[in-house]
Amino acid sequence: MPPLPAPVNKAESCPAAARPGVFNARSHAPSRIKSIQIKKISMSTELNALANQECKLIGGLEAMPSRHPAAEESHTEGEGAVRPLSLVGGGTIVKRLERVEIKERVYSYSIVDGPLPVSDQVATIKVGEKGDGTAAVVERSSGFRPSGASESEAQESVQAIYDAGLENLGEIFGGRV
């Protein structure tokens, strides 16, 4: 059975709700079907780097192997912004670029396919500056629905991925602040 679409209240739901073609499960589904709520995770860290340096490394979807220990290879496939990401030890995650805002140093992507116990995941990476400009602040966030695992297991999987990536960035840039 395909996952249920995002709830109507876009202010409280994942950004994926704004995608064209998504319908409201509450108005189209029988009342006995309950909407599976979007779960959200948000993490951040301060790094010993300037935001522009950090942003260059984070780059985009294809830069993942240079900044995350679980990523082995990434390349653009066909036209558009769909990129398969090969994982160390096997497996592939397919990501689709959803939004890029260069001046704000932010991009968002959705997970099209992969081994994670989630569905409908839309993730955002943002690089900012600490108030005094002495450090970069990297923010990771996403919304998703648990799929094939409990809510806590799905959340722990996403958090572990974010933790590993943020930790690796700390090593690359000489530590976290």
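The values are calculated or read from the model by the stated rules, or taken from the named source; none is laboratory data. Small disclaimer: the values here were computed from a predicted structure and weren't measured. Cβ coordinates were reconstructed from backbone atoms using ideal geometry, including for glycine residues, and neighbour counts include every protein chain displayed.
Consider region 35-72 and keep the residues that are modelled with pLDDT of 75 or more, of a type in the set (D, E, K, R) and within 16 Å of the chain's Cα centre (by Cα). The one that is farthest from GLN155 (Cα to Cα) is ARG67. Looking at ARG26, ARG32, just one residue is part of a loop (DSSP other than H, G, I, E, B), out of contact with any helix residue (DSSP H, G or I) (no Cβ under 9 Å at 6 or more places or on another chain) and either over 18 Å from GLN159 (Cα atoms) or modelled with pLDDT under 85 (or both), and that residue is ARG32. Each residue in region 91-108 was checked for being hydrophobic (A, V, I, L, M, F, W, C), farther than 16 Å from GLU73 by Cα and under 14 Å from the mean Cα position of the chain (by Cα), and 3 of them qualify. Kindly evaluate ILE111 against the criterion of being modelled with pLDDT under 90, within 14 Å of the chain's Cα centre (by Cα) and buried (at least 19 other Cβ atoms within 10 Å of the Cβ). Judged against the criteria, ILE111 is not a match.
For region 120-127, the count of residues that are at positive phi, assigned to a strand (DSSP E or B) and in contact (Cβ under 8 Å) with a residue 40 or more places away in the chain is nonzero.
Based on this model, can you work out whether VAL158 counts as of a type in the set (A, V, I, L, M), part of a strand (DSSP E or B) and either closer than 17 Å to ARG176 by Cβ or touching a strand residue (DSSP E or B) at 6+ places or on another chain (Cβ under 7 Å) (or both)? It is false that VAL158 is of a type in the set (A, V, I, L, M), part of a strand (DSSP E or B) and either closer than 17 Å to ARG176 by Cβ or touching a strand residue (DSSP E or B) at 6+ places or on another chain (Cβ under 7 Å) (or both). Take SER141 and tell me if it is small (Gly, Ala, Ser) and modelled with pLDDT of 95 or more. Here the answer is yes, as SER141 does meet what is asked.
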